[in-house]
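J.: Before I ask anything, let me first share the structure, which is written out below as structure tokens.
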Amino acid sequence: MTDTPTGMDQITEQLLDAAMMHVPFDGWSEAAFRAAIADSGVEPQMARAACPRGAVDLAAAYHRRGDDEMVRRLHAVDLSEMRIRDKVALAVRYRIEAVDDKEVVRRGATLFALPQYAADGSRLVWGTADRIWTALGDSSDDVNWYTKRASLAAVYGATVLYWLGDETPGDQATWEFLDRRIENVMQFEKAKAQVGKSWLLKPLLFGPNLIASQIKPPHARPRFRMPGSLTPRTE
């Protein structure tokens, strides 16, 4: 959804609310979309205008709704005294807890695993990672803008897949899995920093670091794209 809901956004929300009772049984399918139209009372022509791809667009809207809820919860708590790794873990946990029905997510994972929708799924996961880092105040202005989001997208995706099969009370096994994945990323970042300080290896990294220093994040960040630019140095 956009920051200022439009008429089409509101129609999508109506359809999404109506679809929730059908998706666990029919998946994000044409049958579920038609049932949502019937239950919501939205005119079929307006429903098709709001969601040209039918249930696929509803599945994407459902994912973005979860992102919105996660950001709302993050803004409602004081994160100032927390370590960055704990902030990230909390954000991922809030994102997963935004889900009302695990079966709805399982159906979505099945949908976006299909070749024709894999790119949509990747954009949505990237969008979640971007919204987490943005909510946490990330100010990266170089290649780290991308590596942070890529690493977090991988952690988030793996954690969701683990959570789908987790039957422990309170999803405790999932949160432990999440902590391990974040620890893996932290160890990698630590090793990368040590390589950068090595007098033996540092000269070998001059070329790659020079190229990386010219990579900048987009000035205006579309929420669900993966944009970027290679900006020539002006110094």
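J.: Just to check your reading of the model, which residue among ASP141, ASP120, ASP166 is assigned by TED's automatic domain parsing to the domain that holds LEU74 and closer than 17 Å to ALA98 by Cβ?
T.: ASP166
J.: Would you mind finding the one in ALA55, ALA31, ALA36 that is farther than 30 Å from LEU152 by Cβ, aliphatic (A, V, I, L, M) and buried (at least 21 other Cβ atoms within 10 Å of the Cβ)?
T.: ALA36
Residue by residue, here is whether (1) farther than 23 Å from ARG131 by Cβ; (2) aliphatic (A, V, I, L, M); (3) part of a loop (DSSP other than H, G, I, E, B) holds:
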site: ARG34; (1), (2), (3): yes, no, no
site: ALA38; (1), (2), (3): yes, yes, no
site: MET46; (1), (2), (3): yes, yes, no
site: PRO52; (1), (2), (3): yes, no, yes
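J.: Let me ask something additional. What are the residues in region 135-176 that are loosely packed, with under 14 Cβ neighbours inside 10 Å, within 23 Å of HIS75 (Cβ to Cβ) and under 18 Å from the mean Cα position of the chain (by Cα), if any?
T.: Selection gives GLY137 alone.
The values are calculated or read from the model by the stated rules, or taken from the named source; none is laboratory data. Predicted, not measured: the structure shown is a model, and the values here were computed from it. With ideal geometry, Cβ positions are generated from the backbone for all residues, glycine too; neighbour counts draw on all protein chains shown.
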